[in-house]
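> Questions regarding the structure given below will be posed in turn.
The values are calculated or read from the model by the stated rules, or taken from the named source; none is laboratory data. Computed from a prediction, not measured in an experiment: that's the story for all the values here. Neighbour counts are summed over all protein chains in view; Cβ atoms, including those assigned to glycine, are modelled from backbone coordinates with ideal geometry. When the accessible area is computed, the model is the full protein with side chains, heavy atoms only, and any ligands, DNA or RNA have been set aside. Shrake-Rupley method; radii C 1.70, N 1.55, O 1.52, S 1.80 Å.
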Amino acid sequence: MKRFSFKRLLALLTVLVMCLAVFTACGDTADGHVHYGENAETTSISASNLITDMGLGWNLGNSFDSTGDSETSWGNPVTTEEMIDTLAELGFKTIRIPVSWSYHCDENYTIDEDWLKRVQEVVDWALENDMYVILNSHHDNEVYYPTADNHDEAVNYITTIWTQIADYFKDYDQHLIFEPMNEPRLAGTDYEWYYSEWSTECQEAMQTIMDCNQAFVDTVRASGGNNETRYLMVSTYCASPDAALSDDFELPSDPSDKLLLTVHMYTPYNLAMSDSYAYTQFDESCESDIDYYIDALYEKFVANGTYVIIGEMGCTNKDNQSAREAWAGYFVSKAKESGMVCVVWDNNYINAGSEAYGLFDRANLEIFDDCLDYYNGLMAGLK
């Protein structure tokens with residue numbers, strides 16, 4: 001009988017290790033999560049195909065973006081896998097997960113590991129449903145406050161947190177999109193929601209925001225893995241279409257040419273956001289306002305190869321369901337035909353008035369009864 005030599009034993013062990021490595025790459029990793037770095041279908045997806053594939057999106061609002069110590073600090077329930085599964089069944093292809101990181105960092109902006117893992121858990125649930133995920137830095141404006149005096153600290157914060165986030169998710173494929181800031185602005189001033197090209201303060205703020213965008217792109221690209229070619233979504237002053245259309249705004253330089261622009265549009269304001277009951281109907285003037293901004297964004301960005309994600313949009317509830325349905329259908333249809341993705345804002349709040357953007361009942365895993373027409377309008381706009 002032949003002896004079982006040490007060399008043969010070593011060879012057998014080598015084969016076993018290689019097989020285990022292949023099995024691990026194709027399935028669950030040691031931390032219990034499925035990682036998404038090997039999907040050949042999305043590692044080189046074109047921007048136009050990406051936009052089409054993203055369909056209609058939904059915001060997990062007022063959860064991970066709360067400024068408290070947990071995702072339930074603002075009264076919303078814990079996010080569950082069943083919630084994400086149901087949203088996918090309802091036809092949403094994209095989920096934006098707003099995250100306020102600064103409330104879970106130490107003095108050096110080191111992110112709490114448990115917080116990162118919890119965010120990853122929800123990201124993975126969405127990706128397991130073949131959804132796209134937009135992951136951002138949300139209510140951190142006080143840290144990246146865009147003044148000239150705070151310029152260096154803002155850039156430092158963006159660089160520090162995105163170094164960590166980018167490294168943590170670098171093996172994920174193009175289903176995961178990063179967004180550096182949410183509505184960076186001069187909060188507490190006359191210009192908080194208004195960009196003026198004639199204001200020195202606004203010009204300085206815009207420069208700080210653009211420098212933060214560039215630091216974000218450079219940081220993510222340098223982290224390696226799939227981050228070298230990941231789609232990145234950059235913002236402008238307060239995510240305003242007017243600011244994006246300003247001659248003061250420029251996109252950052254990106255060697256991978258994988259940039260997307262994000263804006264927020266609660267348009268027209270009087271119908272979509274104001275609590276005034278003098279404006280409850282959807283009419284031709286509303287269509288005109290929507291057309292103006294989407295057409296202008298198309299001409300400046302989409303027509304020149306930079307696609308646009310409307311990262312927040314919505315029409316507040318004023319007990320005017322037929323108007324909300326008409327608004328939703330028109331808005332989504334107009335955006336789709338212009339090569340843009342809509343991501344509806346949902347804070348789970350439905351009482352009529354301003355900021356009543358609840359759509360999906362997270363406790364009962366269904367569309368709120370008062371929002372069925374609104375939901376139907378959103379979906380009809382995709383057809």
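> Output the Kirkwood hydrodynamic radius of segment 210-319, Cα pairs only, in Å rounded to one decimal. Working shown, then result.
Numbers: mean 1/r = 0.0645 Å⁻¹.
The Cα-based Kirkwood calculation yields 15.5 Å.
> Considering the Cα trace of segment 97-143, what is its radius of gyration and what is Dmax, both in angstroms?
Calculated on Cα positions, Rg and Dmax stand at 11.9, 37 Å.
> Given Cβ point charges of +1 (Lys, Arg) and -1 (Asp, Glu) and nothing else, what value in debye, to the nearest 20, does the dipole of segment 117-237 about its Cα centre take? Mind showing how you got there, number by number?
On the way: 6 positive and 22 negative charges, 65 e Å.
Taking the Cα centre of segment 117-237 as origin, the dipole is about 320 debye.
> For Lys336, which aspartates and glutamates qualify as cross-link partners when the Cα separation must be under 14 Å and same-chain residues fewer than eight apart are set aside?
Within reach: Asp53, Asp291, Asp295.
> When the Debye formula is applied to the Cα atoms of segment 161-276, each taken as the same point scatterer, what base-10 log of I(q)/I(0) results at q = 0.11 Å⁻¹?
-0.41
> Related question: Quote the relative contact order of the chain in percent (integer), defining contacts as alpha-carbon pairs under 8 Å separated by 6+ residues. Could you put the intermediate results ahead of the total?
On the way: 705 pairs, mean separation 58.8, N = 383.
Answer for the chain is 15 percent.
> Most fluctuating residue of Ser333, Ser63, Ser44 in a GNM of the chain with Cα springs under 10 Å: which is it?
Ser44
> In addition: Pick out the long, greasy-scoring helices in the chain: whole DSSP H runs spanning 15 Å or more along their own axis by Cα, mean Kyte-Doolittle at least -0.5. Intermediate results must be reported in sequence, preceding the final value.
Numbers: long enough: 6-26 (30 Å, 2.07); 113-128 (22 Å, -0.57); 151-168 (26 Å, -0.28); 200-222 (33 Å, -0.20); 284-300 (24 Å, -0.78); 321-337 (24 Å, -0.75).
Helices meeting the span and hydropathy rule in the chain are 6-26, 151-168, 200-222.
> Where does segment 229-383 land on the Kirkwood hydrodynamic radius, alpha-carbon pairs, in angstrom? Numbers along the way, then the final one.
Values: mean 1/r = 0.0622 Å⁻¹.
In segment 229-383 this quantity evaluates to 16.1 Å.
> Quick one: give the max-minus-min coordinate of the C-alpha atoms of segment 283-359 along each principal axis, largest first, in Å.
Principal axes ranked by extent give 41, 26, 16 Å for the Cα atoms.
> Here's another thing I want to ask about it. Using the structure shown, list the pairs from Lys258/Lys300; Lys258/Lys383; Lys93/Lys383 with a Cα-Cα distance above 20 Å, or answer none. Don't skip to the end; give the middle numbers.
Values: Lys258/Lys300 17 Å; Lys258/Lys383 27 Å; Lys93/Lys383 14 Å.
With Cα atoms farther than 20 Å apart: Lys258/Lys383.
> Return the ratio Rg/(2.2 N^0.38 Å) for segment 172-234, where Rg is computed over Cα atoms only. List each step's numbers first, then the result.
Values: Rg = 14.7 Å, N = 63, 2.2 N^0.38 = 10.6 Å.
Scaled against compact globular proteins, the figure is 1.38.
> So, one more: Over segment 76-161, what number does the Rg to Rh ratio reach, with both radii from the alpha-carbon atoms and Rh per Kirkwood? Don't skip to the end; give the middle numbers.
Values: Rg = 15.4 Å, Rh = 14.4 Å.
Ratio of gyration radius to Kirkwood radius for segment 76-161: 1.06.
> Still on this structure, I have one more. Putting +1 on Lys and Arg Cβ atoms and -1 on Asp and Glu Cβ atoms, find which of Ser70, Tyr168, Leu378 reaches farthest to the positive end of the dipole of the chain.
Tyr168
> Relative to the compact-globule scaling 2.2 N^0.38 Å, provide the ratio for the alpha-carbon radius of gyration of segment 98-242. It would help to have the intermediate numbers written out before the result.
Working: Rg = 15.3 Å, N = 145, 2.2 N^0.38 = 14.6 Å.
That ratio works out to 1.05.
> Continuing with the same structure: To one decimal place, what orientation-averaged projected area in nm² is obtained for the convex hull of the Cα set of the chain? Numbers along the way, then the final one.
Working: hull surface 90.3 nm².
Average of the hull's projected areas for the chain equals 22.6 nm².
> Quick one: accessible area per residue over the chain, 1.4 Å probe, rounded to a whole number of Å²? Write out the running numbers ahead of the final one.
Working: 16620 Å² over 383 residues.
Counting only protein heavy atoms, the per-residue value for the chain is 43 Å².
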